[in-house]
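To start, the structure itself, in structure tokens.
Throughout, read-outs are computed from the coordinates displayed, never taken from laboratory work. These numbers were taken from a predicted model, which means no experiment stands behind them. Please note: Cβ atoms are built from the backbone with ideal geometry, for glycine as well, and neighbour counts cover all protein chains shown.
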Amino acid sequence: MPTNEKSAAGKTKPVIAIVGPTASGKTALSLRLSEKLPVEIVACDSRTIYRRMDIGTAKPSKEEQAKVSHHLLDVADVSETYTVARYKEDAERAIAEIHRRDKIPIVCGGTGFYARALLEGLSIPEVPPNLQLRKELNDFADKNGNEKLLERLKESDSVTALRLNANDRFRVVRALEVTLALGKPFSEAATLKPAPYPTIWIGMGVSNRQYIKDLIETRLDEQIAAGLLEEVSSLLADFGPTRALLNAVPYKEVIAYLDGNCTLDQARQDALKHNYQLARRQIMWFRANENTHWFNVDVEDREQIFSQVCELIDRKLSS
């Protein structure tokens, strides 16, 4: 595991974290900061790690990636299972390399579990796979439905069940697997160690959630116009309906349309609903971090926010 880099003065080098709900402008802010500060960007998104999931994940464009070094983008095929433990290992390595180049890592994204594991010292218990148990749990879900499987998790670990989506069967099964193996809830088994880096937490939030709904709708329509359906069709042709695709908005909704299970308008409405539900979960997750400095994108314009973020970073780095 990479060691924490220290400055000449012996202090552990800092990290900037930009977090918040989907469509709130995290990527745009990280790119603006790269024009002012010696930084490199470490993606913190459970979808942009996959190759060719570009349009539907609002991945930074090739032109944007050329402006500043990006890490943890396009590191896995959609046929692979990419775990939070693997993300933590890969991201720690990237941060150590960035620090050795005397630059500041910006960890940018909306996957709270990734951010917490990487920056808040969350330690995930190492429990080997129990293939027989996994089969039994999947058979149960096939027979009774994903919601019933999630209810089983709620009985033993309501905290983790609240964080997970019923359709994310892989993670629900894993949480049950760990809970049963350790004899205590997964949420209690995952322990907090001291934070590995001094982190400047920046949250992109909203005071009126209708505003984030409107941003989500605008972005989805832009994604459809940019070729989202063609992107999903191409991925399906090469990999089939993998877990990565079926667990990601708006990919799973487009797949339902392409399979003839709904109209395009219904797929669009479902994607809007599911993306807003995701945004609400992200807001609740990141609001729990008392160290986050929040900036409401519906109250202040982007230039004001950029100026205030720069002042905050300058103050934190000089203290």
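Assuming a ≥ b ≥ c are the square roots of the Cα gyration tensor eigenvalues, decide whether the stretch 31-123 counts as rounded (a/c under 1.5), prolate (otherwise, with a/b larger than b/c) or oblate.
Working: a/c = 1.83, a/b = 1.11, b/c = 1.64.
Oblate is the answer for the stretch 31-123, as a/c is 1.5 or above yet b/c matches or exceeds a/b.
Mean separation of Cα pairs under 8 Å and 6 or more residues apart, divided by the residue count, gives the chain a relative contact order of 26 percent.
Pair-distance distribution of the chain: all C-alpha pairs, bin width 20 Å, starting at 0; shares per bin in whole percent are 30, 60, 10, 0.
Computed extension gain for Ala66 through Glu188, at 0.36 nm per residue and net of the alpha carbon distance, reaches 39.8 nm.
Only helical DSSP H runs with n ≥ 4 go in: add -39500 (n - 2.57) per run for the chain, normalise by residue count and round the 222 nm mean residue ellipticity to 500 deg cm²/dmol. Helices in the chain give a 222 nm mean residue ellipticity of -16500 deg cm²/dmol.
For the stretch 131-189, the calculated P(r) over all alpha carbon pairs, in 5 Å bins from 0 to the bin holding the longest distance, is 4, 23, 35, 25, 12, 1 percent. Near Thr179, once Lys and Arg are set to +1 and Asp and Glu to -1 for all other residues with Cβ below 15 Å from its Cβ, the sum equals 0. Taking label points 7 Å from Cα along the Cα-to-Cβ direction, Glu151 and Phe239 give a separation of 3.3 nm.
Counting only DSSP beta bridges with both residues in the chain, tell me the antiparallel percent, nearest 5. Rounded to the nearest five, the antiparallel share is 15 percent.
Which of rounded, prolate, oblate describes the stretch 197-238, given a ≥ b ≥ c as roots of the alpha-carbon gyration tensor eigenvalues and a/c under 1.5 marking rounded, otherwise prolate only if a/b is larger than b/c?
Details: a/c = 4.53, a/b = 1.60, b/c = 2.82.
The shape class here is oblate.
Once the Cβ-Cβ distance of Glu97 and Glu126 is raised to the sixth power relative to R0 = 25 Å, the FRET efficiency obtained is 0.50. Summarising the overall dimensions of the stretch 205-288 from its C-alpha atoms, the Rg and Dmax are 13.8, 42 angstrom. The Cβ shell under 15 Å around Glu136 holds other residues with a net charge of +4, Lys and Arg each +1, Asp and Glu each -1.
Computed over the alpha-carbon atoms, the stretch 94-149 gives an Rg to Rh ratio of 1.24, Rh here being the Kirkwood radius from the mean inverse distance.
Between Glu136 and Asp221, full extension at 0.36 nm per residue minus the direct alpha carbon distance yields a gain of 26.5 nm. Take 180-193, 13-26, 96-109 and order them by the average number of nearby Cβ atoms within 10 Å per residue, most first; the result is 13-26, 96-109, 180-193.
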